[in-house]
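Below is one structure; the comments refer to it alone.
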Amino acid sequence: MLAQELIINTIPPLKTSDSGLKALNWMDEFRVSHLPIVNNQEFLGLISDTDILDLNSPDEALGNHPLSLIRPFVFAEEHIYEVLKLASKMNLTIVPVLDQQNNYLGNISLRTLVDHFALTASVQNPGGIIVLELNQNDYSLTQIARIVEENDAKILSLYLNSSPDSTGVELTIKINREDIRAILASFARYNISVRASFQQSEFSEDLRNRFEMFMNYINM
């Protein structure tokens with residue numbers, strides 16, 4: 001998915017003629033800590049709630065203040081992973097999106113990012129979770145998928161985590177079956193180490209609660 005596909009129009013940009021108080025009100029309304037400042041499609045930068053609180057006269061127009069704005073953005077054709085990378089690196093609640101002529105197109109909120117990855121990772125779909133420990137040289141997605149499918153199951157999503165200081169990798173897979181005991185037994189027969197497993201009947205409600213708590217945290 002590209003950045004342009006996740007642009008939202010519910011959070012408008014500020015103009016230099018807008019006041020700091022207006023910016024704070026919008027931040028509170030949209031549950032964000034940053035807002036873009038745009039004049040005639042020109043992206044001037046992001047302003048944060050901290051920046052505004054540091055202004056001597058927040059009731060005056062933003063353009064009347066000597067602002068030192070950061071200018072993080074992604075281009076519309078960049079992959080969604082680049083959006084996530086930038087948001088994480090700079091601790092952003094909004095990521096501006098520009099076209100190739102540097103015109104402002106819109107923004108992607110942190111909430112939109114979380115919703116997207118929750119959907120692609122099948123967070124709220126029923127099923128089991130298995131965490132495997134593998135050596136990089138032994139990692140074969142084809143073999144793992146075959147073992148799962150031999151047990152009449154499908155992989156809904158997966159996530160690979162590796163460390164530069166280790167030859168091992170950790171693979172988290174979401175299965176579309178609630179009872180994963182047969183799959184765990186198959187991994188054992190193939191000497192594939194299972195670090196952890198979570199069956200739907202035991203952990204689904206807890207996972208949902210954790211996800212909802214995280215979403216509520218973002219909206220605070």
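The values are calculated or read from the model by the stated rules, or taken from the named source; none is laboratory data. Bear in mind that the values here come from a model prediction, so they are computed numbers and not experimental data. As a convention, Cβ positions derive from the backbone with ideal geometry for all residues, glycine included, and neighbour counts pool all protein chains shown.
A few points about this structure:
- Residues being surrounded by 14 or more Cβ atoms within 10 Å (Cβ to Cβ) and modelled with pLDDT of 90 or more - total across region 135-153: 6
Every residue, every condition in (1) outside any loop (DSSP other than H, G, I, E, B); (2) without any contact (Cβ under 8 Å) to a residue 60 or more places away in the chain, yes or no:
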{"site": "32", "(1), (2)": "no, no"}
{"site": "35", "(1), (2)": "yes, yes"}
{"site": "52", "(1), (2)": "yes, yes"}
{"site": "67", "(1), (2)": "no, yes"}
{"site": "84", "(1), (2)": "yes, yes"}
{"site": "96", "(1), (2)": "yes, no"}
{"site": "100", "(1), (2)": "no, yes"}
{"site": "126", "(1), (2)": "no, no"}
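- Residues within region 8-51 that are of a type in the set (Val, Ile, Thr) and buried (at least 17 other Cβ atoms within 10 Å of the Cβ), tallied: 5
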